[in-house]
Ligand SMILES: Nc1ncnc2c1ncn2[C@@H]1O[C@H](COP(=O)(O)OP(=O)(O)O)[C@@H](O)[C@H]1O
Ligand SMILES: [Mg+2]
């Protein structure tokens, strides 16, 4: 493998000699994807473009992935009988949704290879296991305490200080399952809202910005990372990503080193998103704190579809199929803005978003996920804009998002 392929590195010093685990799944074969959301949809598009067949399993019929898959399987995730039939119909399985029951993954893995391995998912989708993995391997994380009762929560607040954030151990995403505790008066209410027997209390990290790295690891151990992304969240949901991140080169290098090392430590085969907080500690590079891991493509990696030689979804495909990882060169600075349900017009103003207006802006691309109900906070799609510099890309994508809703029709809440 030529050494000039950007982002493709040698972690072991011998990746090129590493054997590809399992048979290579060549184009023409069939990929099964567990979960039917937008991540699966964009994966399926990448897979079908390369000549693979795709089967998608999700409880909801006509789901975003099912709409573009060859075959849509509609079944509950704990319907092991159907999952086993699904597994028998495909050559390799991956997932786009983290809360597939472990028993289902195991049953599938007995029939067909599953990448990433179910154990990787089991570690990363449980906040306590995830943070324990990270901290025992020496990666800085926010100070945290497991809490299993309101008394434990009160004691943990006393140790970690205010403000702090109580998160559910499982099933958290897009800020769901999180409550910020600002004063001791919030403790009872926060515990009540948790709605799970186990929570994780995290100290508040006063970050200067949020970063993420999408890392891929192939079946032969080759590792590749996309350019570091800079992310802005609104109400704990990703709002905007710009790439390249506007942070020092040394910070980017540290972020990439962490991502590669975590991917290797997990023995990942597939794609992993590493979310990081950058904290100003007086050093030029700042300090990185690992916030979250997701062993799948990630919202903050969507820029790669329009701005990179290989998208994060094609990279996932290549990794799980045992193909060589793709070149991740960023062709142009890029910004990505999420389209949430609230960016649709409210019922009182009516009308479709003015996609025509947004697309009139040069360099802007539209991605919609095939969801019919624009509920607030629901990810309906995203826009990207590429430009000669990241500030212009950012301005263009925001302009495009604004253009969806003409001023006279904007909600005033
Ligand atoms: N300990 C923390 N300190 C400061 N901000 C936080 C902390 N934990 C979460 N956040 C904010 O909330 C966002 C979502 O939290 P995260 O733990 O990534 O959950 P989710 O699974 O919803 O993505 C983060 O990206 C960050 O903006
Ligand atoms: Mg997150």
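Among the residues of region 287-305, those that are crowded, with 20+ Cβ neighbours inside 10 Å and more than 16 Å from ligand 2 (Cβ to nearest atom) comprise 303, 304, 305. Checking each residue in region 115-127 for being out of contact with any helix residue (DSSP H, G or I) (no Cβ under 6 Å at 6 or more places or on another chain) and either buried (at least 18 other Cβ atoms within 10 Å of the Cβ) or at pLDDT 95 or above (or both) picks out 116, 117, 120, 121, 125, 126, 127.
For region 210-227, how many residues are near ligand 1 (Cβ under 10 Å from one of its atoms) and more than 22 Å from residue 326 (Cα to Cα)? Qualifying residue count for the region: 1. Of the set (1) modelled with pLDDT of 95 or more; (2) under 30 Å from residue 34 (Cβ atoms); (3) touching a helix residue (DSSP H, G or I) at 6+ places or on another chain (Cβ under 9 Å), all apply to residue 343 but (1).
The number of residues in region 116-128 that are over 16 Å from the mean Cα position of the chain (by Cα) and outside any helix (DSSP H, G or I) comes to 1.
Results for (1) in contact (Cβ under 8 Å) with a residue 60 or more places away in the chain; (2) more than 27 Å from residue 379 (Cβ to Cβ), shown as yes or no for each residue.
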| position | (1), (2) |
| --- | --- |
| 140 | yes, yes |
| 155 | no, yes |
| 169 | no, no |
| 179 | no, no |
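Can you name every one of the strands (runs of 3 or more DSSP E) wholly within region 134-227 that holds 2 or more residues which are surrounded by fewer than 16 Cβ atoms within 10 Å (Cβ to Cβ) and in contact with a strand residue (DSSP E or B) (Cβ under 8 Å, 6 or more places away or on another chain)?
Values: elements: 144-147, 164-168, 178-181, 199-203, 209-217, 223-225.
It comes to none.
Restricting attention to region 262-273, and to residues there that are over 17 Å from the mean Cα position of the chain (by Cα) and over 16 Å from residue 131 (Cβ atoms), which single residue is surrounded by the most Cβ atoms within 10 Å (Cβ to Cβ)? First the steps, then the outcome.
Within region 262-273, the subset over 17 Å from the mean Cα position of the chain (by Cα) is 264-265, 267.
In the following step, the residues that additionally are over 16 Å from residue 131 (Cβ atoms) were identified as 264, 267.
On the way: 264: 15, 267: 12.
If we take residues in region 262-273 being over 17 Å from the mean Cα position of the chain (by Cα) and over 16 Å from residue 131 (Cβ atoms), then 264 is surrounded by the most Cβ atoms within 10 Å (Cβ to Cβ).
Taking the conditions (1) near ligand 1 (Cβ under 10 Å from one of its atoms); (2) within 23 Å of residue 125 (Cβ to Cβ); (3) touching a residue at least 60 places away in the same chain (Cβ under 8 Å) in turn, residue 144 satisfies each one other than (3). Filtering 61, 23, 101 for residues that are free of Cβ contacts under 8 Å to residues at least 24 places away in the same chain and surrounded by fewer than 17 Cβ atoms within 10 Å (Cβ to Cβ) leaves a single hit, 61.
Yes/no matrix, rows are residues, columns are (1) surrounded by fewer than 24 Cβ atoms within 10 Å (Cβ to Cβ); (2) free of Cβ contacts under 8 Å to residues at least 40 places away in the same chain; (3) in contact with a helix residue (DSSP H, G or I) (Cβ under 9 Å, 6 or more places away or on another chain):
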{"site": "33", "(1), (2), (3)": "no, no, yes"}
{"site": "37", "(1), (2), (3)": "yes, no, no"}
{"site": "40", "(1), (2), (3)": "no, no, no"}
{"site": "43", "(1), (2), (3)": "no, no, yes"}
{"site": "54", "(1), (2), (3)": "no, yes, yes"}
{"site": "72", "(1), (2), (3)": "yes, yes, no"}
{"site": "79", "(1), (2), (3)": "yes, yes, yes"}
{"site": "84", "(1), (2), (3)": "yes, yes, yes"}
{"site": "95", "(1), (2), (3)": "no, no, yes"}
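When you scan region 228-330 for helices (runs of 4 or more DSSP H) that lie fully inside it, which ones turn up with 1 or more residues that are within 16 Å of ligand 1 (Cβ to nearest atom)? In region 228-330, 249-265 are the helices (runs of 4 or more DSSP H) which contain 1 or more residues that are within 16 Å of ligand 1 (Cβ to nearest atom). Going by what's in this entry, would residue 232 be described as at pLDDT 95 or above, surrounded by fewer than 24 Cβ atoms within 10 Å (Cβ to Cβ), within 18 Å of the chain's Cα centre (by Cα) and within 16 Å of ligand 2 (Cβ to nearest atom)? Here the answer is yes, as residue 232 does meet what is asked. Condition check for residue 187 on (1) away from ligand 1 (no atom under 13 Å from the Cβ); (2) under 30 Å from residue 281 (Cβ atoms); (3) under 25 Å from the mean Cα position of the chain (by Cα): one failure, at (3).
The values are calculated or read from the model by the stated rules, or taken from the named source; none is laboratory data. The model shown is predicted, which means the values in this text are computed figures rather than measured ones. Note that each Cβ is placed from the backbone with ideal geometry, even for glycine, and that neighbours are counted across all protein chains shown.
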